[in-house]
Amino acid sequence: METIKNYLETMFANLPDTEETRRAKSELFSMMEDKYNELKAQGMAENAIVGTIITEFGNIDELKESLDLGKRDTIVPVVSEPVQTVATIENVTYESEGKRMLTIDEANDYVMDNSLSTFIFGLGVFFCILSPAGPVLFSVFEDIFGSNAFTNFLSSFGVGFLFLSVAIGVGLILLSGTKRKGWEFLDQGNCGLEIETEEFVKKELEENNSSQHFMFALGVMCCICSVIPVSVLGAMRIKILSSAVGPSLIFVLVGIGVFFILNSSRKVSAYEKLLSLNKNPEA
């Protein structure tokens, strides 16, 4: 909250210290404080809260108009010519026009949150793909040993594994979305990267390109090789191997392969997203 107070002081620094200005500043701080408490209650990270509030309330021209400051002759800028200043508040940099500039620490936080979100999402997809392996693996025992209490239990266990895996998978997929919740302000077109941050992101992107290609290739290889266990175990003519273990391994290997493919670009996509913030939209 201290960061927001300091930024508010920066916003009103070029306005005369009058009763009307102080009243407008107090009203604006009250709105910012309410928004801060609302986002804090939702579990949003501190940096993300600050960014959201600055994006929503940080344009001084719009605020003067909405608070009726622009229509008062007593409220005029101290400087006669427009200037662009940059204020750094507790390692968070903002331009005077309200544009937020991300620091290296914030860029790292975003990449970590994006990576964790993608990891959880990939894990959820893995469990969903794995789910049919339960019925396939355990239903064969009834064909081999006949219908009895034990084989019926195994068949029921396989069905239970199916629903449990789907439930875990869907839960993880939904959970993954919450890890990106605090970074929606990056899509509002009012953010950029500091020069040092941009150079850091470019360097990290180059270093992660090779690992991305390796993980993607490993995922594709797992998907292609998923049919090998069926062929090899099927040639052994052992029913439990050819009809249960082999087919089940298809789902395991495909799930692992898809997990690797989804996670191959988890950092690279985050770095590319950050670099896109500094691109000229008219270019």
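In region 181-208, which residue that is assigned to a loop (DSSP other than H, G, I, E, B) and crowded, with 16+ Cβ neighbours inside 10 Å is farthest from the chain's Cα centre (by Cα)?
The qualifying residue farthest from the chain's Cα centre (by Cα) is Glu194.
Say whether the condition of being closer than 19 Å to Asn114 by Cβ, surrounded by 14 or more Cβ atoms within 10 Å (Cβ to Cβ) and modelled with pLDDT of 90 or more is met by at least one residue in region 165-172.
There is at least one residue in region 165-172 that is closer than 19 Å to Asn114 by Cβ, surrounded by 14 or more Cβ atoms within 10 Å (Cβ to Cβ) and modelled with pLDDT of 90 or more.
Quick one: which of Leu130, Leu123 is under 16 Å from Ile256 (Cβ atoms), aliphatic (A, V, I, L, M) and open to solvent by 30 Å² or more (accessible area, probe 1.4 Å)? Spell out the reasoning first.
Values: Leu130 fails: open to solvent by 30 Å² or more (accessible area, probe 1.4 Å).
Criteria check complete, one pass: Leu123.
Of the residues Ser211, Ser248, which single one is among the polar types (S, T, N, Q), surrounded by fewer than 19 Cβ atoms within 10 Å (Cβ to Cβ) and in a helix (DSSP H, G or I)? I'd like the intermediate steps shown before the answer.
Details: Ser248 fails: surrounded by fewer than 19 Cβ atoms within 10 Å (Cβ to Cβ).
After applying the criteria, what remains is Ser211.
Condition first: closer than 28 Å to Lys267 by Cβ, open to solvent by 30 Å² or more (accessible area, probe 1.4 Å) and touching a Ser or Thr at 6+ places or on another chain (Cβ under 8 Å). Can you find one or more residues in region 139-157 that meet it?
no
Just for helices (runs of 4 or more DSSP H) wholly inside region 1-57: which have at least 1 residues that are at pLDDT 80 or above?
Correct list: 19-41.
Cβ-Cβ distance below 6 Å, separation of 6 or more or different chains: which pairs start in region 135-149 with a residue that is under 20 Å from Val252 (Cα atoms) and at pLDDT 80 or above and end on one that is part of a helix (DSSP H, G or I) and open to solvent by 90 Å² or more (accessible area, probe 1.4 Å)?
Phe138/Phe157
Kindly provide the set of residues from region 144-192 that are polar (S, T, N, Q), out of contact with any Phe, Trp or Tyr (no Cβ under 7 Å at 6 or more places or on another chain) and more than 30 Å from Val111 (Cβ to Cβ), ordered by number.
Within region 144-192, Ser147, Asn148, Asn152, Ser156 meet the criteria.
Looking at (1) in contact (Cβ under 8 Å) with a residue 60 or more places away in the chain; (2) assigned to a helix (DSSP H, G or I), find the lone condition where Met101 falls short.
The failed condition is (2).
For the condition without any contact (Cβ under 8 Å) to a residue 40 or more places away in the chain and assigned to a helix (DSSP H, G or I), what is the one hit in Leu262, Leu175, Leu241?
Leu241
Quick check, is Lys267 in a helix (DSSP H, G or I) and of a type in the set (Lys, Arg)?
yes
Please tell me if Ser176 is buried (at least 16 other Cβ atoms within 10 Å of the Cβ), hydroxyl-bearing (Ser, Thr, Tyr) and in contact with a Gly (Cβ under 7 Å, 6 or more places away or on another chain).
In short, yes.
The values are calculated or read from the model by the stated rules, or taken from the named source; none is laboratory data. Predicted, not measured: the structure shown is a model, and the values here were computed from it. Ideal geometry is used to build each Cβ from the backbone, glycine not excepted, and the neighbour counts take in all protein chains shown. Accessible surface is based on the protein model in full, side chains and every heavy atom, while ligands, DNA and RNA are left aside. Shrake-Rupley method; radii C 1.70, N 1.55, O 1.52, S 1.80 Å.
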